[in-house]
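Peer 1: If you scroll down you'll find the structure; I have some questions about it.
The values are calculated or read from the model by the stated rules, or taken from the named source; none is laboratory data. Nothing here was measured: the structure is a model prediction, and the numbers come from that model. When we count neighbours, we look across all protein chains shown, and the Cβ atoms used for this are built from the backbone with ideal geometry, even at glycine. Heads up: the accessible areas ignore ligands, DNA and RNA and are worked out on the full protein's heavy atoms, side chains in. Shrake-Rupley method; radii C 1.70, N 1.55, O 1.52, S 1.80 Å.
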Amino acid sequence: MQTLWQDLRYGLRMMFKKPGLTAVAVLTLALGIGANTAIFSVVDAVLLRRLPFPDPDRLMLIFNTAPQLGYPQAPIPYGTFIDIGEQNQVFERMGAWELWDNNVNLSGDGEPEQVRRALVSANLFSTLGVEPIYGRTFLPEEDKADSPPVAVISEGLWKRRFGADPSLIGNQLILHTRSYTVIGIMPSTVTFPASGTAPEVWLLLSQVEVPWWNRENRGSHDFGVIARLKQDVSISQAQAEMDTIARRLEQEYPQSNTGFGIQAVRLHHQTVRNIRQSLMILLAAVAFVLLIACTNVANILLARATSRRKEIALRVVMGASRWRVIRQLLTESVLLSLIGGALGVLLALWGIEAFAAVPSGKPDVYSPSVIAPDQIGLNSQVLGFTFALSLVVGIVFGLVPALQASKVDLNQTLKEGSAKASGGSRQARTRSVLVVCQVALSVVLLVGAGLMIKSFLRLQQIDPGFNTANVLTARIILPGSRYYRPSRQREFFETAMQRIRSLPGVLATGITKGLPLSEDDDGRFIQIEGQPPAPPGQWNLSKFHYVSADYFRAIGIDLVDGRLFDERDTFDARVVGIINETFARRFLPGENPIGKRVNPGDRGWYEIVGVVKDAKFTALQEGPMPEIYATYFQGFNLEMTMVVRTQSDPGGLIGSISQEVLAVDRDQPIAHIQTMSDRLASSVARPRYDATLLALFALLALFLAAVGIYGVVSYSVSQRTHEIGIRMALGAQRSDLLSLVLRHGMVLIIFGLATGVAAALALTRLMSNLLYGVSATDPTTFVLITLLLGAVGMAACYIPARRAMKVDPMVALRFE
């Protein structure tokens, strides 16, 4: 310990002796370690940390599978959930939640608002193994339609709306004009189930005001299911039993279950499936940045070790062993790295908020979130990672310079004037190899960033099929207890739209059940008149939306053939529908669809009266789906989205629109207020985030590589000053010197580019499924990145080459 203390004090003195080099090295390491710390904090919270439930590895999500219909994972019908619960022998408990109906109006004291609700079975919380901070959870005997309505609320809603009043337990909550008794308050760590915003209210499925399911309903895939494995039961055993149950149900209910399998997936695996690969790529990118930073610092230490060769030789003469010299130099490099790591933690604190805002991509009801954003940050695990990373980095970048410096030729080094010796060919080769590695790593990172940027630009060029300019959307949910009759629903929406349409600047107003680029997913198995019914398991599948007559004008979807809905399409009139172009091409190829009839399974046969353009319903990068539009006059619609097109920015009309809705029903709020431009931007938030961060890391790598190339070439010029003077004295022209220096630097760059291109061709294939419209080996990107890095490398070589051209021969000949 005494020797270590001496080494530390001596190392600090050496660092302060060269403050400029020390500052460059520390800042370089801080950038690399800080970026790694920030990204690792997200990886730790999302991928590595155990889920906040007892024995989380035994929690499984259960899905239907129907790959032949384009659904590798699909929700479970309520009847299938009951059957699995009764027939399985591998699960201790099972719970379910309804996937689509996820908002409710909260009224009473204060302004009415929409809050996110979760409709769950009574045993969901016991399956998860979570307890409330106040009160209790649902009891099995409460899971009945005739039981007094009860609710569990979130800690966030309890604090925000009710001032964290403990006496709220046992009091009433007005949801959709119906009173619920608050029985429990869940801690903020419980965010299950959520595909975006965490629930604020949990209600029992059996007590919803308009129940629309029962055990016999096997065609509506509406439910997520979670189960807890029994002790000592493996996932393979659980999956084998699910396969057995799926075959049994297929035999019992061929009309609804043919072609549907059942899959069991570990909860943690499912919750991170949309983000795992993206985070791994970002983690690899910052690791590359750190490696490039390490090579820079290693080059700095190599140059510094060369200037200390005489000091090291004196140490050896006085009896120091080679191990003693290496230990001293490693102590200095580790000390440098720890200081860089400490500064990196400060940089991570600044950048962690941006990195923690990583979007998960399009909403996915199949991957319920269990990670709260406030759980991402610096903790003991992250700080431990940073400390360990700093130690490893200090050893890695300090080991090669220490090994090189400890090999000294005492006779040559102790001669007069050898302090300015070239440092030996070994050091020169090592520095050259490090530069080649820097360039190669930079190529891989820049190519990856270039591919992501090009992919994102291709996404932005996609025509969504509708006009996003000056369009505002807002969701309205009507309580079923008050608006159970379709006539009441139509009266409310017609009155509200008429009032909003009269506002200054409003061009068109419509409503829809399914909005483009949303998580709404109403798929129907359809039958085409004149075509034989599809066999079980091979149904024709189409999206189905209820819309108002002016919806297409409001959203900006153009009519291709036929007509749109109008005043003729009342509730008692013949049932009509409008299809999109993909529907016509897939199910009615080569035919005139106008006048044809289709049956989506609710009100019988729909006569097609119009064809509209395709619109991207789920995501820009996904192909269009067949779609049927029906007039909301002929359906049952409690939850609709209002679409308002204005002459200018619609943001200023939000307050007025809300007031007009409240004027129709004072307990009716609007929520999920968003422009279609923002919705379109949100749909590409994931690729934009990835491309932006990769571009940032790639630019940092490019800068560090340029600094590294400049440093090596500049050091080489300074060491060859005497040689340059001799060449000039013998008649060498300035152009000859320029060519000499550039050739030395460009040879290293070309080797680095060749190595980097080969590595990029292999590594970029791992990110191919994150790209859209771009090959992982896109030649244009590879060529442009090679030319860019070559140009930057040449510029980094040119500056010291210019200095070599200005050397005074008389001064150079007296050098050393």
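Peer 1: For the chain, with all protein chains present and a 1.4 Å probe, just round the carbon and sulfur fraction of the accessible area to a whole percent.
Peer 2: 58 percent
Peer 1: When ligands, DNA and RNA are left out and all protein chains stay put, how many square angstrom of accessible area per residue does the chain have with a 1.4 Å probe?
Peer 2: In whole numbers, the chain has 42 Å² accessible per residue.
Peer 1: Here is a follow-up. Just list whichever of K513/K613; K513/K596; K159/K513; K596/K616; K454/K543 have alpha carbons separated by over 28 Å in the model shown.
Peer 2: K159/K513; K454/K543, as the Cα separations exceed 28 Å there.
Peer 1: Give me, ordered by chain and number, the residues 5 or more places off L478 or on other chains with an amide H under 5 Å from its own placed amide H.
Peer 2: E639, M640
Peer 1: List the trypsin sites (Lys or Arg not before Pro) in segment 219-277 that DSSP assigns to loop (not H, G, I, E or B) and whose Cβ has at most 16 other Cβ atoms within 10 Å. Which are they?
Peer 2: Qualifying residues, ordered by number: K230, R273.
Peer 1: Please report, in whole Å, how far the alpha carbons of the chain spread along each principal axis, starting with the longest.
Peer 2: The Cα atoms of the chain stretch 107, 59, 55 Å along their principal axes.
Peer 1: Of all alpha-carbon pairs in segment 520-595, indicate the percentage at a distance above 18 angstrom.
Peer 2: Percentage above 18 Å: 51.
Peer 1: Something else now. Report the label-to-label distance for L730 and S188 in nanometres (one decimal), using points 7 Å from each Cα along the Cα→Cβ vector.
Peer 2: 7.5 nm
Peer 1: Moving on. Extending each Cα 7 Å along its Cβ direction at R803 and I750, get the distance between those two points in nm, one decimal.
Peer 2: So the two model labels end up 2.5 nm from each other.
Peer 1: Rounded to two decimals, what is Rg over Rh for segment 1-75 when you use alpha-carbon atoms and the Kirkwood radius?
Peer 2: Reported Rg/Rh (Cα atoms, Kirkwood Rh): 1.41.
Peer 1: Quote the FRET efficiency, to the nearest 0.05, computed for N171 versus L12 with a Förster distance R0 of 60 Å and r equal to the Cβ-Cβ distance.
Peer 2: The calculated FRET efficiency here is 0.40.
Peer 1: If you take the beta carbon distance between A342 and V560 as r and set R0 to 60 Å, what does 1/(1 + (r/R0)^6) give as a FRET efficiency, to the nearest 0.05?
Peer 2: 0.40
Peer 1: Would you mind putting 538-544, 63-69 in packing order, based on average other-beta-carbon counts within 10 Å, highest first?
Peer 2: Peptide ranking by packing, descending: 538-544, 63-69.
Peer 1: Find, among the trypsin sites (Lys or Arg not before Pro) in segment 124-179, those assigned to loop by DSSP (not H, G, I, E, B) with at most 14 other beta-carbon atoms within 10 angstrom.
Peer 2: Those that pass, being in a loop and sparsely packed, are R136, K144.
Peer 1: For segment 702-789, what is Rg from Cα atoms divided by 2.2 N^0.38 Å, rounded to two decimals?
Peer 2: 1.54
Peer 1: Pick out the long, greasy-scoring helices in the chain: whole DSSP H runs spanning 30 Å or more along their own axis by Cα, mean Kyte-Doolittle at least -0.5.
Peer 2: Result, helices passing both filters: 19-43, 276-307, 322-356, 380-406, 424-460, 685-719, 734-763, 779-805.
Peer 1: How far apart, in nm, are two points set 7 Å out from the Cα along the Cα-to-Cβ line at D232 and at R574?
Peer 2: Each label point is offset 7 Å from its Cα along the Cβ direction, giving 6.8 nm.
Peer 1: Residue by residue through segment 68-74, what is 3J(HN,Hα) from phi via Karplus (6.51 cos²θ - 1.76 cosθ + 1.60, θ = phi - 60°)? Round to whole Hz and write x for glycine and proline.
Peer 2: For segment 68-74, the Karplus-derived couplings read 5, 9, x, 10, x, 9, 9 Hz, x marking Gly and Pro.
Peer 1: Now for a different question. Can you work out the Karplus-derived ³J(HN,Hα) for every residue in segment 473-478? Use 6.51 cos²θ - 1.76 cosθ + 1.60 with θ = phi - 60°, whole Hz, and x for glycine or proline.
Peer 2: Once rounded to whole Hz, the list reads 10, 8, 8, 10, 10, 8.
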